[in-house]
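See structure below.
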Amino acid sequence: MSAAEPTRRDFLYIATGTVGAVGAAAVAWPMISQMNPDASTIAAGAPIEVDLGPVAEGQVIKVFWRSKPIFIGHRSKKEIEEAQKIDPKTLPDPQPDSARVKPGHDQWLVLIGICTHLGCIPLAHQGEYDGFFCPCHGSQYDTSGRIRRGPAPANLAVPPYEFVSDTKIRIG
Amino acid sequence: MSGPSTYQPNNAFLKWFEARLPLGGLIHSSFVVYPTPRNLNYWWTFGAILSFMLGAQIVTGIILTMHYTPHVDMAFNSVEHIMRDVNYGWLLRYLHSNGASMFFVAVYIHMFRGLYYGSYKEPREVLWILGVIIYLLMMATGFLGYTLPWGQMSFWGATVITNFFSAIPLVGESIVTWLWGGYAVGNPTLQRFFSLHYLLPFVIAGVVVLHVWALHVVGQNNPVGIDPKSGQDTVPFTPHATIKDGFMVALFCLFFAWFVFYIPNYLGHADNYTQANPGVTPAHIVPEWYYLPFYAILRAIPNKLAGVIAMFGSILILAFLPWLDTSRVKSATFRPLYKQFFWVFVLVCLGLGYLGSRPAEGGYVIAARILTAYYFIHFLIVLPLLGLIETPRPLPNSISESVLKKAAVLLAIGIGAASLLVMTPSAFAQGHDTPHPPRNKWSFAGGFGKFDEAQLQRGFKVYKEVCQNCHGLSLLSFRNLADPGGPGFTPAQVQTIAADYKIQDGPNDQGEMFERNGRPADRFPPPTTWKNEAQARALYNGTVPPDMSVLAKARSYERGFPWFLLDALPFLQYQEHGVDYIVALLKGYKDKPPEGVTIPQGGYYNEYFPGHSIAMPPPLTDGRVDYTDGSPATVDQYARDVAAFMMWTAEPHLEARKRIGFQVMIFLLIFAGLMYFTKKKVWRDVHAH
C-alpha cells in the first residue's frame, strides 16, 4: 500500500459525504418552504380600500386586511386633544400623536387591532385612558393607540395606508 | 463477531446514558457490527430501498396533509390547490403519488428475490409472514390513498374495492354499508379513508421493526442459501452493507426522479383529473398498476364470491409458502428445475398484470383464466412436487464469490422485467372505434420543453372569445396569467384583463350581494350562459360543458402495445395525449356522418369523440378570432393555441418541473457515481481475499 492511498481514500469519503449533505439540504428546502404562505394567500393579501364616509365621529369600525383586524377610529376633538397634550417622553413607547396619523387627517386613527403583548384584540373606548383595553392581560392604550399601562411592550401598530381621497383610504 | 457487549462508549455522558438505556448498543449491534453475508448481491439492497421509500412516503404524506381537505366538496380542489399555489406543492404531490408506485416496484423486486433464493424457508418463516403482512398493509394503504384526490377513479375504485366485501354471504351488504358509513361511497367514506390512510403507514413502520428484528435473530439469507460458517463468510454491516445500500438508494432515486419530473402522470389515470361524479362510471375502470395481477384473477372467475376468494387467496397463499415448498435447498441457483419454474411464474405474474389492464372480454378473459389457474398450480402442485422429484446441484462448502458475477446478469434481466411491470397503460378516455389523434409538435414537450408565451396568449384569446361562454376555468386566478412559466402577461395587463370581468361579491353593509370588477387575486368567474348543472343539461342536450382548468390532463387516449412502453423512456417520453386529443377533437367535426352512423337529435358528428356524437357544436371557424401577431386565423391554429393554453392551465408549473428535474438528475448522477467509487473502496479489501 503506498502512502498516497489513504489521502485519496479520505478525499473520496469527504467528497461523497459533502455531496450527500448538499443533497439533503436541497431536499429539505421545499419541505420548509411549503409551510410559508402559499400564492393564493399572498394574492389575497393585496391592498384594500375602505370608504370612511359612513364612520361617525366617536365610532371605531373594524375591517380585515391580511386576516388581521384593522381599527379605523373617527376621533372626537376631545380624543385628539387628549392624544396630543401628553408629553411623549413620559410614555413607555415614546411617539407623538402626529407620528401615528396622516397630516391633515388628525381625526382618523388607523391601527392594527392586535395587542402587542400576546395578540388578543383590545376593546375600543375602554380602560382608564379612553382608548383601548385588552381584556386578556389588562394592557391599556390611549386615544392614539399608545401603550400606557400593562404588560404590552409597544404601541398598537399603524398599518401601511394612504388617503386616496378625503373619505377613502387604501390599506396595504 | 457481534454482540451487544462490544459497544463501549468513551464519552462520559454516553456511558452514563448507556447504563440506563442501552440504545447505542442496540444500534451498534443491529446496524454497525451486525454480520452480513459477504456474498450478498444487489438484490439484497431492496430492503434498504423500501425503508427509504417508507420514510419518503411518510414525510411527503404528512406535508400533503397540511394542505389537503378531506371533504367531498373540497378534496379535489384542495389537491389542485397543492399543485398550483402551495410552494413546491406540485413536487411534493408528485413525489407522493409516484412514490407509492416506486414503493411497490421495490417491494415486488424484494419479494421475487425472496422467492428466487428461498428466503422464506426455515428458519425464516416468521420473517417471511411478517413481510406478507407488510405487503397487505401496503396494498390497503395504497388503495385508501388513491381515494383521497376524489377524482373519478378514486370514487369508482373505492366503490369497486369496497364491494368485494358484499360477496360475503348473509352479512356482506351490512359490512359494505358499515365500511361506507352510508348507502354509497360518500363523505363519511372519504373522511374515514383519510384517517386510516394516515394511520396505516405507522402500522407498517411497526411491522417493519418486527420484520427487521426477526431478520436479525435468524440472520440474512444469501445467494448460496447456506449459513455463514465463520467470520470469513461475513462482513460488518457498517460500512459494507450501508454504503452498498446507499449506492442503490441513489440509483433508485434516479429512476424515481425520472417519473416525478418528466412523466409524473404516466402511472396515473387521466380520469382521476375529473372530479368524482357518483352518477357516471368511467368507460374503463382500472386499478393502479400494482394491483393489476390480482384484479385479473378477480375478473377471471365468473362467480362473484369465488372471484373475491381467489383474489384474496392469491395473496394469502404466500403466507403458506414456507410449507408448500418442500425442497430443503434454498437458493434457485442449485435447483435446476425450480429456477425454470420461477421464471415461468414471473412471466405469469407479468401476464396477469397486463391482462388486468385490458377490458374483461374475449380472448383476454380466456388468457386470464389460464394464467390464474397456473398461478395457483405453481403454489399448490409445482412447488410441493418439485421438492420431491428435483435433484439439486451439490451445494458449495461455504459461501463463494462466484455468485456475484451471476448477479450482474440477473440485475440486467430484473431491471428489464421490473420496467415491464411498471409500464402499464393509463386509463383511456375513449371507446375502441375511435382513431388515434395525430401527434402534434409542442414547444412544451420533451425534457427541456417550455411554453411558447405568444401561443399561450393567443390560446387565452381563443378561450376568452369562444370557449368561456360555456366552459369555466374555475381553478385559475387572473394573477396566474402573470406567473413565471405562463403566458407572460405583465401585472398591469392582468389588472386590465381582470377588470373586464364582473365578479360577484358581498354581502355589503346592507346585506346585499353586488357585482364588482375583477381583481388579480380573483378566480375566473363561472360561465354566464348557465347558472347550474341542471340548467346546463337542459340547454346542452343533457350534458354539462366541462371545466377547462385540468381538462388537458383529464383527457387521454390509448396508445397500445408497445407504444405505451416506449412512452416512458428517456428521450422518447410522451405526455401530450391530452392536448393531442383536444386538437383532434376541435378539428374532428364532419358535416355528414359516415355511411351507417346516425347521430341523435342535438348531437354533432365528431370523429375523435368517444361514441362520435358530441353535444358541443363546432366551436371554431376560420377567422373567428382576430390574431394580432400575424399567426394564421385558422381552425388548426386556434385549436393548437387553445390546447397549449389548456396544457398550461392544467400544469402551470411544467417549466419549473422540468428545470428542477434536470438539476436533480445531474445531482443524482454525480452522487451515485461518488457512492459507487466509495463502495468500491470500502469493499476492496473484502474482494481482495
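Report yes if A:Ser139 is within 19 Å of the chain's Cα centre (by Cα), crowded, with 20+ Cβ neighbours inside 10 Å and farther than 13 Å from A:Gly73 by Cβ, otherwise no.
Values: within 19 Å of the chain's Cα centre (by Cα): yes; crowded, with 20+ Cβ neighbours inside 10 Å: yes; farther than 13 Å from A:Gly73 by Cβ: yes.
It is true that A:Ser139 is within 19 Å of the chain's Cα centre (by Cα), crowded, with 20+ Cβ neighbours inside 10 Å and farther than 13 Å from A:Gly73 by Cβ.
Does segment B:454-511 hold any residues that are assigned to a loop (DSSP other than H, G, I, E, B) and more than 38 Å from the chain's Cα centre (by Cα), and which are they?
Residues satisfying the conditions are B:Asp500, B:Tyr501, B:Gly506, B:Pro507, B:Asn508, B:Asp509, B:Gln510, B:Gly511.
Does any residue of segment B:183-198 turn out to be hydrophobic (A, V, I, L, M, F, W, C), outside any helix (DSSP H, G or I) and at positive phi? Quick ask: steps written out before the conclusion?
Here is the first cut: in segment B:183-198, the ones hydrophobic (A, V, I, L, M, F, W, C) are B:184-185, B:190, B:193-194, B:196.
Cutting the leftovers down to outside any helix (DSSP H, G or I) gives us B:184-185.
Now restrict to residues that are at positive phi: none.
Among the residues of segment B:183-198, not one is hydrophobic (A, V, I, L, M, F, W, C), outside any helix (DSSP H, G or I) and at positive phi, which makes the answer no.
Return the pairs, sorted by first residue and then second, in which the second residue is surrounded by 13 or more Cβ atoms within 10 Å (Cβ to Cβ) and basic (Lys, Arg), the first residue lies in segment B:663-689 and is more than 10 Å from chain A (Cβ to nearest Cβ), the beta carbons are less than 8 Å apart, and the residues are 6+ apart or on different chains.
B:Trp683/B:Lys244; B:Val686/B:Arg38
Can you pull out every residue in segment B:141-175 that is closer than 27 Å to B:Ser97 by Cβ and of a type in the set (A, V, I, L, M)? It would help to see each step written out before you state the result.
First pass over segment B:141-175, keeping only residues closer than 27 Å to B:Ser97 by Cβ: B:141-165.
Answer for segment B:141-175, where residues must be closer than 27 Å to B:Ser97 by Cβ and of a type in the set (A, V, I, L, M): B:Leu144, B:Leu148, B:Met153, B:Ala158, B:Val160, B:Ile161.
State yes or no: is A:Pro153 surrounded by fewer than 14 Cβ atoms within 10 Å (Cβ to Cβ) and either outside any loop (DSSP other than H, G, I, E, B) or more than 19 Å from the chain's Cα centre (by Cα) (or both)? Full working, then the answer.
Working: surrounded by fewer than 14 Cβ atoms within 10 Å (Cβ to Cβ): yes; either outside any loop (DSSP other than H, G, I, E, B) or more than 19 Å from the chain's Cα centre (by Cα) (or both): no.
It is false that A:Pro153 is surrounded by fewer than 14 Cβ atoms within 10 Å (Cβ to Cβ) and either outside any loop (DSSP other than H, G, I, E, B) or more than 19 Å from the chain's Cα centre (by Cα) (or both).
Condition first: polar (S, T, N, Q) and assigned to a helix (DSSP H, G or I). Can you find one or more residues in segment B:521-543 that meet it? Walk me through how you get there before you give the answer.
Pass one, segment B:521-543, residues polar (S, T, N, Q): B:528-529, B:532, B:535, B:541, B:543.
Retained after the next criterion (residues that are assigned to a helix (DSSP H, G or I)): B:535.
Checking segment B:521-543: at least one residue is polar (S, T, N, Q) and assigned to a helix (DSSP H, G or I).
Just to be sure before I move on: is B:Asn77 more than 30 Å from B:Leu318 (Cα to Cα), outside any loop (DSSP other than H, G, I, E, B) and among the polar types (S, T, N, Q) in the structure I sent? Lay out the reasoning, then the answer.
Values: more than 30 Å from B:Leu318 (Cα to Cα): yes; outside any loop (DSSP other than H, G, I, E, B): yes; among the polar types (S, T, N, Q): yes.
Yes.
What are the residues in segment B:628-681 that are under 25 Å from B:His81 (Cα atoms) and of a type in the set (Val, Ile, Thr), if any?
B:Val642, B:Thr649, B:Ile660, B:Val664, listed by residue number.
Of the residues that sit in segment B:231-283 and are under 23 Å from B:Gly578 (Cβ atoms) and of a type in the set (Phe, Trp, Tyr), which one is surrounded by the most Cβ atoms within 10 Å (Cβ to Cβ)?
It comes out as B:Tyr273.
Can you name the residue in segment B:640-689 that is of a type in the set (Gly, Ala, Ser) and farther than 30 Å from A:Ala39 by Cβ and, of all such residues, is farthest from the chain's Cα centre (by Cα)?
As a first pass, look at segment B:640-689 and keep what is of a type in the set (Gly, Ala, Ser): B:643-644, B:650, B:656, B:661, B:672-673, B:688.
Subset that is farther than 30 Å from A:Ala39 by Cβ: B:672-673, B:688.
Values: B:Ala672: 24, B:Gly673: 27, B:Ala688: 42 Å.
Within segment B:640-689, the match that is farthest from the chain's Cα centre (by Cα) is B:Ala688.
Give me the pairs: first residue in segment B:647-661 and modelled with pLDDT under 95, second residue part of a helix (DSSP H, G or I) and surrounded by 24 or more Cβ atoms within 10 Å (Cβ to Cβ), beta-carbon distance under 7 Å, and six or more apart or on different chains, which are they?
Final answer for the pair search is none.
Which of the residues that make up segment B:66-98 are closer than 14 Å to B:Leu190 by Cβ and either within 12 Å of chain A (Cβ to nearest Cβ) or not acidic (Asp, Glu) (or both)? Show your work before the answer.
Residues of segment B:66-98 that are closer than 14 Å to B:Leu190 by Cβ, as a first pass: B:68-79.
Scanning segment B:66-98 gives B:Tyr68, B:Thr69, B:Pro70, B:His71, B:Val72, B:Met74, B:Ala75, B:Phe76, B:Asn77, B:Ser78, B:Val79.
Taking the conditions exactly as written (modelled with pLDDT of 95 or more, in contact with a helix residue (DSSP H, G or I) (Cβ under 7 Å, 6 or more places away or on another chain) and surrounded by fewer than 20 Cβ atoms within 10 Å (Cβ to Cβ)), does B:Leu190 satisfy them or not? Talk me through it step by step, then tell me what you get.
Values: modelled with pLDDT of 95 or more: yes; in contact with a helix residue (DSSP H, G or I) (Cβ under 7 Å, 6 or more places away or on another chain): yes; surrounded by fewer than 20 Cβ atoms within 10 Å (Cβ to Cβ): no.
So B:Leu190 fails the test.
Report the residue count in segment B:309-345 for those that are over 25 Å from B:Pro123 (Cα atoms) and within 24 Å of the chain's Cα centre (by Cα).
2
Provide a single number: the residues in segment B:219-250 that are over 19 Å from B:Val32 (Cβ atoms) and part of a helix (DSSP H, G or I).
Within segment B:219-250, the first condition is being over 19 Å from B:Val32 (Cβ atoms), and the residues that meet it are B:221-227, B:229-230, B:232, B:248, B:250.
Now narrow it down to the ones that are part of a helix (DSSP H, G or I): B:232, B:248, B:250.
Residues that pass the stated criteria total 3.
What is the residue count in segment A:23-51 for residues that are more than 8 Å from chain B (Cβ to nearest Cβ), aliphatic (A, V, I, L, M) and over 18 Å from the mean Cα position of the chain (by Cα)?
Matching residues across segment A:23-51 total 6.
Return yes or no: is A:Thr90 within 14 Å of chain B (Cβ to nearest Cβ), without any contact (Cβ under 8 Å) to a residue 24 or more places away in the chain, hydroxyl-bearing (Ser, Thr, Tyr) and surrounded by fewer than 16 Cβ atoms within 10 Å (Cβ to Cβ)? Let's see the steps before the verdict.
Working: within 14 Å of chain B (Cβ to nearest Cβ): no; without any contact (Cβ under 8 Å) to a residue 24 or more places away in the chain: yes; hydroxyl-bearing (Ser, Thr, Tyr): yes; surrounded by fewer than 16 Cβ atoms within 10 Å (Cβ to Cβ): yes.
No.
Which residues, counting only those in segment B:165-187, are out of contact with any Leu (no Cβ under 8 Å at 6 or more places or on another chain), in contact (Cβ under 8 Å) with a residue 40 or more places away in the chain, surrounded by fewer than 20 Cβ atoms within 10 Å (Cβ to Cβ) and not polar (S, T, N, Q)?
If the condition is that a residue be out of contact with any Leu (no Cβ under 8 Å at 6 or more places or on another chain), in contact (Cβ under 8 Å) with a residue 40 or more places away in the chain, surrounded by fewer than 20 Cβ atoms within 10 Å (Cβ to Cβ) and not polar (S, T, N, Q), then B:Ala184, B:Gly186 are the ones that fit.
Please determine whether any residue of segment B:454-474 is over 19 Å from A:Ser40 (Cβ atoms) and of a type in the set (Ser, Thr, Tyr). Explain how you work it out, then say what you get.
Quick first cut of segment B:454-474, residues over 19 Å from A:Ser40 (Cβ atoms) only: B:454-471.
Among the residues that remain, those that are also of a type in the set (Ser, Thr, Tyr) are: B:463.
Yes, there is a match, as at least one residue in segment B:454-474 is over 19 Å from A:Ser40 (Cβ atoms) and of a type in the set (Ser, Thr, Tyr).
Mind checking whether some residue in segment B:112-130 is among the acidic types (Asp, Glu), touching a residue at least 60 places away in the same chain (Cβ under 8 Å) and farther than 20 Å from B:Phe193 by Cα?
Here is the first cut: in segment B:112-130, the residues among the acidic types (Asp, Glu) are B:122, B:125.
Next, from what is left, pick out any that are touching a residue at least 60 places away in the same chain (Cβ under 8 Å): B:122, B:125.
Filter once more, so that each one left must be farther than 20 Å from B:Phe193 by Cα: B:122, B:125.
So far as segment B:112-130 goes, yes, one or more of its residues are among the acidic types (Asp, Glu), touching a residue at least 60 places away in the same chain (Cβ under 8 Å) and farther than 20 Å from B:Phe193 by Cα.
Taking only pairs six or more apart or across chains, which ones have beta-carbon atoms under 6 Å, a first residue in segment B:566-589 that is within 30 Å of B:Pro618 (Cβ to Cβ), and a second residue that is of a type in the set (Val, Ile, Thr) and in a loop (DSSP other than H, G, I, E, B)?
If the second residue must be of a type in the set (Val, Ile, Thr) and in a loop (DSSP other than H, G, I, E, B), the pairs left are B:Gln575/B:Ile263.
Test of understanding: among B:Thr543, B:Thr528, which residue is surrounded by fewer than 12 Cβ atoms within 10 Å (Cβ to Cβ), hydroxyl-bearing (Ser, Thr, Tyr) and not assigned by TED's automatic domain parsing to the domain that holds B:Asn277?
Working: B:Thr543 fails: surrounded by fewer than 12 Cβ atoms within 10 Å (Cβ to Cβ).
Just one listed residue meets the conditions, B:Thr528.
Among the residues of segment B:74-103, which ones are acidic (Asp, Glu) and free of Cβ contacts under 8 Å to residues at least 40 places away in the same chain?
Pass one, segment B:74-103, residues acidic (Asp, Glu): B:80, B:85.
B:Asp85 - this is the single residue of segment B:74-103 that is acidic (Asp, Glu) and free of Cβ contacts under 8 Å to residues at least 40 places away in the same chain.
All but one of (1) closer than 21 Å to B:Arg124 by Cα; (2) buried (at least 18 other Cβ atoms within 10 Å of the Cβ); (3) not basic (Lys, Arg) hold for B:Val348; which doesn't?
(1)
Could you tell me whether B:Thr490 is β-branched (Val, Ile, Thr) and farther than 17 Å from B:Gly518 by Cβ? Steps first, please.
Numbers: β-branched (Val, Ile, Thr): yes; farther than 17 Å from B:Gly518 by Cβ: no.
For B:Thr490, the condition - β-branched (Val, Ile, Thr) and farther than 17 Å from B:Gly518 by Cβ - is not met.
The values are calculated or read from the model by the stated rules, or taken from the named source; none is laboratory data. For clarity, every value in this text was computed on a predicted model and none was experimentally measured. Glycine also receives a Cβ, built like all others from the backbone with ideal geometry; neighbour counts cover every protein chain displayed.
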